[in-house]
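Notes follow the structure.
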Amino acid sequence: MDDRISHRIEVERAEELVSPGYLHIRSEPEMRSTWRVRRAALDAEFEVHVERDPFQPKEKTVGATS
């Protein structure tokens, strides 16, 4: 016997789901272009962080509370 509970809903109609990002960007290529620029900036910022404060596995413990 299967004790799992299964839930099901039926949807008659739904509005189109649109990401808020598309409310001020005209097209998919423009969205991707702006994200590439933003992603490059985030990657550069992360690299600076890693240089300044590199992860040291022997000094940090996963799940430590102190």
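The values are calculated or read from the model by the stated rules, or taken from the named source; none is laboratory data. Just so we're clear, the structure is a prediction, and the values are computed from it rather than from any experiment. We place every Cβ from the backbone using ideal geometry, glycine too, and count neighbours over all the protein chains shown.
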- Task: Would you please name the residue that is nearest to the chain's Cα centre (by Cα), looking only at residues in region 4-43 that are among the basic types (Lys, Arg) and part of a loop (DSSP other than H, G, I, E, B)?
- Result: ARG26
- Are any residues in region 23-42 surrounded by 10 or more Cβ atoms within 10 Å (Cβ to Cβ) and of a type in the set (Asp, Glu), and if so, which ones? GLU30
- Message: Looking at region 11-22, can you tell me whether even one residue there is among the β-branched types (Val, Ile, Thr), modelled with pLDDT of 90 or more and surrounded by fewer than 10 Cβ atoms within 10 Å (Cβ to Cβ)?
- Response: yes
